[in-house]
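Trainee: Before I ask anything, here is the structure I am working with.
Bear in mind these aren't lab numbers, they're just calculated from the coordinates by the rules spelled out. On a predicted model such as this, the values are computed, not experimentally measured, just so you know. Neighbour counts run over all protein chains shown; Cβ positions are idealised from the backbone, glycine included.
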Amino acid sequence: MAEAPVTLDEFRDHLNLDSTDTYDDGEMTSTLSAATDVVESYVGAMVPVEVVETVVSVGNDGRLLTKRWPVIEVTDVTDVTSSTPDPTGAGQIWYLGSTDYVGRYTVTYTAGRDPVPEALREATLIVARQLWDRQRSSGPQVSLTGMGGQDNPVRMGFAVPAAAVELMAPYRLFSLV
């Protein structure tokens, strides 16, 4: 398992909690993991992780598209000629020297960043704090009047805080907007 971009102690410090109070550590670890998943859905892998996956080539132009990005290093490709892979960092691997790669290949590569940029670590803390705070409060609610005039409170959905989105912006490889 890859190392987390933000430690439990860093999250506890961000929440201004006493470092000796470990009562909520299990829940805090889950919250931090969920926040990491949210940030990685925007920017790709944060910490280096080795990935082995089956990749289907996208045509005869020498590209293989990986599921995890950014790609730091390609260590192995099977069922391909001996061309040297060139990681682009964007989840694409270009094979220079030949374009005859239509098919399926097993690719072993490292995705992530080393080191993790401070902006992404801060974005993870911001998202984790929002998740943590929402768990501990009743959260914003709107009332919908149902049948018979009954008031039905409904929680509003989760949104990534604007501060986190701005911190992640330089590291996104595509726009979601």
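Trainee: Name the chymotrypsin sites (Phe, Trp or Tyr not before Pro) in region 9-66 that are in a loop by DSSP and that have at most 13 other C-beta atoms within 10 Å, would you?
Mentor: TYR23
Trainee: Let me ask you something else. Note the full-extension length gain between ASP25 and SER41 as 0.36 nm times their separation in residues minus their Cα-Cα distance, in nm to one decimal.
Mentor: Contour length minus Cα-Cα distance gives 3.3 nm.
Trainee: Using 0.36 nm per residue, how much length does the chain from GLU53 to THR75 gain when fully extended, once their Cα-Cα distance is taken away? If you can, show how the numbers build up before the last one.
Mentor: Numbers: separation 22, 0.36 × 22 = 7.92 nm, distance 1.22 nm.
Gain on stretching GLU53 to THR75: 6.7 nm.
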